[in-house]
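Please read the structure below before turning to the comments.
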Amino acid sequence: MSRAVLSVGSNIGDRMGHLQGALDALAERVDVIAISGIFETSPVGGPEQDDFLNAVIIVETTLAPHELLELCQQVEADRDRVREVRWGPRTLDVDIIAMDGTVLDDSALTLPHPRAHERAFVCVPWLDVDADAALPQGRIADLGLDPRGVNARPDLSWAQPGG
């Protein structure tokens, strides 16, 4: 079994519904170990767009990295993800951030995610479920990321996967 950190986000339509749909679909194929709280975040890069809801889901799986990527992309497609503009608005984004220390860099997948250490919308939710989380750049808690624009949404909560 490998442990993987997945970042999920949505800024189109029923944002929470898209995140819950991702959790439900993932839970059918992988073991969900931990789920962060929901955070509302300002968009980073790309065109002007609405705020995102973001979270981190930690899973255990027997899938190889590229198989997990295929699953993540299928979950996105099932929620009508369209890839027209880089870093543009999306119904659902499911990114593999890290996978048990795997280092991989090919045309389809780079692990750990090459910009995760710069993205508070990934790191803040990750710290929510793993205070010792680390990337090659160091412990996330020590990276000094600016958390402005990443706001906890305690009014939003997850349903049990498949429930």
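Restricting Gly101, Gly138 to those that are at positive phi and open to solvent by less than 30 Å² (accessible area, probe 1.4 Å) reduces the list to Gly138. Going by what's in this entry, would Pro154 be described as more than 14 Å from Leu6 (Cα to Cα), touching a helix residue (DSSP H, G or I) at 6+ places or on another chain (Cβ under 7 Å) and open to solvent by 20 Å² or more (accessible area, probe 1.4 Å)? No; evaluated as a whole, the condition is false for this residue. Taking residues in segment 94-114 that are closer than 22 Å to Asn54 by Cβ and assigned to a strand (DSSP E or B), and partners anywhere that are of a type in the set (Val, Ile, Thr) and open to solvent by 30 Å² or more (accessible area, probe 1.4 Å), the pairs with Cβ atoms closer than 8 Å and at least 6 places apart or on different chains are Leu111/Thr102; Leu111/Val103. Screening Leu63, Leu26, Leu69, Leu19 for residues that are at pLDDT 95 or above, aliphatic (A, V, I, L, M), over 22 Å from Ala131 (Cβ atoms) and assigned to a loop (DSSP other than H, G, I, E, B) leaves exactly one candidate, Leu63.
Count of segment 115-134 residues, restricted to those that are at pLDDT below 95, closer than 22 Å to Asp50 by Cβ and either touching a helix residue (DSSP H, G or I) at 6+ places or on another chain (Cβ under 8 Å) or assigned to a loop (DSSP other than H, G, I, E, B) (or both), is 2. From the list Arg81, Arg86, the one residue that fits, being modelled with pLDDT under 95, within 22 Å of Ala27 (Cα to Cα), open to solvent by 30 Å² or more (accessible area, probe 1.4 Å) and not in a strand (DSSP E or B), is Arg81.
The values are calculated or read from the model by the stated rules, or taken from the named source; none is laboratory data. Here the structure is a predicted model, which means the values were calculated and not measured. Positions of Cβ are backbone-derived with ideal geometry, glycine not excepted, and every protein chain shown enters the neighbour counts. Protein only, heavy atoms only, side chains kept; ligands, DNA and RNA dropped before computing areas. Shrake-Rupley method; radii C 1.70, N 1.55, O 1.52, S 1.80 Å.
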